[in-house]
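Down below is the structure, laid out as structure tokens.
The values are calculated or read from the model by the stated rules, or taken from the named source; none is laboratory data. Here the structure is a predicted model, which means the values were calculated and not measured. Methodologically, a virtual Cβ is constructed for each residue, glycine included, from the backbone with ideal geometry; neighbour enumeration extends over all protein chains shown. The area values use the complete protein model at the heavy-atom level, side chains included, leaving out ligands, DNA and RNA. Shrake-Rupley method; radii C 1.70, N 1.55, O 1.52, S 1.80 Å.
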Amino acid sequence: MTKLLLSIHVLAAILVVGPIAVAASLFPRYARQSASASGGEESDERAAGIAALLHRICRGYAIAGVAVPVFGIATGAQLGVLTDAWLIASLALTAIAAAVLVLAILPSQQRLLAPPSPPHPAGHDGPSPTASRLTMLTGIFNLLWAIVVVLMIVRPGSTTGA
């Protein structure tokens with residue numbers, strides 16, 4: 001049973017987190033292109049369509065991404081390592097990565113996809129998301145996942161010899 005749970009956990013991590021990492025990393029480029037008028041109208045529409053697709057990929061795979069920690073916890077329980085520091089750290093980093101995705105990346109993508117709104121009568125609509133800020137958030141998200149992968153492989157303090 002442990003091998004099955006671990007296999008599903010690893011496959012889910014590869015097939016779910018990988019596409020989110022790639023789509024989220026590509027999104028700012030196409031959001032910038034769709035916002036600029038220099039490429040011509042057809043080019044802008046194509047870039048906007050690609051950005052919208054990348055956002056849908058991120059949003060859809062974020063829902064499926066719940067499987068990664070669920071099967072990871074189940075695997076950890078089978079292996080009896082739920083209280084090991086490396087696993088607790090991995091779970092904490094996974095929760096932070098999920099929060100960055102759900103609370104920052106996805107809403108920023110959505111705002112960048114929205115058509116520009118007229119200025120607020122008071123003259124201040126609050127901070128607008130920028131593609132540069134989104135690039136930074138995506139880098140943080142990807143770095144968190146890279147650290148989790150290293151923790152899963154190295155497992156500090158593990159007695160398995162890895």
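Numbers at a glance
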{"read-out": "Ranking by accessible area, most exposed first, for MET136, MET152 with a 1.4 Å probe", "value": "MET136, MET152"}
{"read-out": "Length released on extending from SER43 to SER25, taking residue separation times 0.36 nm less the Cα-Cα span", "value": "4.5 nm"}
{"read-out": "16 Å cut-off, amide nitrogen to a point 7 angstrom out along ASP84 Cα→Cβ, residues in segment 137-157", "value": "148-157"}
{"read-out": "Using θ = phi - 60° and Karplus 6.51 cos²θ - 1.76 cosθ + 1.60, couplings along segment 50-59 (whole Hz; Gly, Pro as x)", "value": "5, 4, 5, 5, 4, 5, 4, 4, 4, 5"}
{"read-out": "Gain on full stretching of the segment that runs from MET152 to ALA64 - 0.36 nm per residue minus C-alpha separation", "value": "29.7 nm"}
